[in-house]
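Enquirer: Below are the structure tokens for one structure; questions will follow.
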Amino acid sequence: MDRFFHNGDISREFLRAKGWKTETPLARLSAGDRLLSGGGADISVLHPPKGEAFHKSPNERSIVFRLEFGDFSALFAGDAEKRALRNVIQNFPGAEIRADVLKVPHHGSDPGPVLDEFLDRVRPGIAVVSEGKNPFGLPSASVLFRLRKAGARTVQTGISGAVTLEAGRDGTRFRTMLK
């Protein structure tokens, strides 16, 4: 790996403790940054905002990004909560956050009414909830209901296992490991 991308919460000491080579350059990502691959994929970072002072909640500092590849798009909302989702909605008012696939924020916890506006703007056809057994009761039944109400086919990794999406010229294929 030629760079280690992060949201500003990382240090060389942390990387050393995790076994990373300390000479790996660190690159802090923030809204407006773009990463391009040689294969035609384009990644646009939507959150956290540039120059934002650290929020006390690491979830509110979560990196939110949108991937585009041809006609396919996916929005990865990390562990974003209410404040981060509101920020994305306000700072990207056009179709910049619309996506075919949404990685549902924060394991399907309920951020309140902002979720409805977020889903209305993203309009996902598929919503992937990354979750498993947890003491918090996630995903929230309310969030699952609102995802279905928004028209998204909802897939939970705790039920379906790993999710594989393949986007190509012949469309998008979607598979799950277990179900």
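Enquirer: What is the extension gain from Arg16 to Ser160, computed as 0.36 nm multiplied by their sequence separation minus the C-alpha to C-alpha distance, in nm to one decimal? Numbers along the way, then the final one.
Expert: Values: separation 144, 0.36 × 144 = 51.84 nm, distance 3.45 nm.
The Arg16-Ser160 span can extend by a further 48.4 nm.
Enquirer: Let me ask something else about it. So if I take the centroid of the Cα atoms in the range 1-21 and the same for the range 69-117, what is the distance between those two points in Å?
Expert: With the range 1-21 and the range 69-117 each reduced to a Cα centre, they are spaced 26 Å.
Enquirer: If the chain between Arg123 and Asn91 were fully stretched, how many nm would it gain, using 0.36 nm times the residue separation less the Cα-Cα distance?
Expert: The Arg123-Asn91 span can extend by a further 9.8 nm.
Enquirer: Same structure again: What's the local net charge at Pro113, with K and R +1, D and E -1, over the other residues with C-beta under 14 Å away?
Expert: +1
Enquirer: Across the range 31-176, how many lysine pairs, 8 or more apart or on two chains, come within less than 21 Å at their alpha-carbon atoms? Provide the component values of the computation, followed by the final result.
Expert: Details: Lys50/Lys82; Lys56/Lys82; Lys82/Lys103; Lys82/Lys149; Lys103/Lys133; Lys103/Lys149.
Going through the range 31-176 pair by pair, I get 6.
Enquirer: Would you mind telling me the antiparallel percentage of the DSSP bridges in the chain, rounded to 5?
Expert: The antiparallel fraction comes to roughly 60 percent.
Enquirer: For the residue pair Arg83 and Arg3, what label-to-label distance in nm results when each label sits 7 Å from Cα along the Cα-to-beta-carbon direction?
Expert: 2.6 nm
Enquirer: On to the next question. Between Asp170 and Leu36, take the C-beta separation as r, use R0 = 35 Å, and let me know the FRET efficiency to the nearest 0.05.
Expert: 0.90
Here, each number is a calculation from the coordinates, and none is a lab measurement. Keep in mind it's a predicted model, so treat the numbers as computed, not measured. All Cβ positions, even for glycine, are placed from backbone atoms using ideal geometry, and neighbour counts span all protein chains on display.
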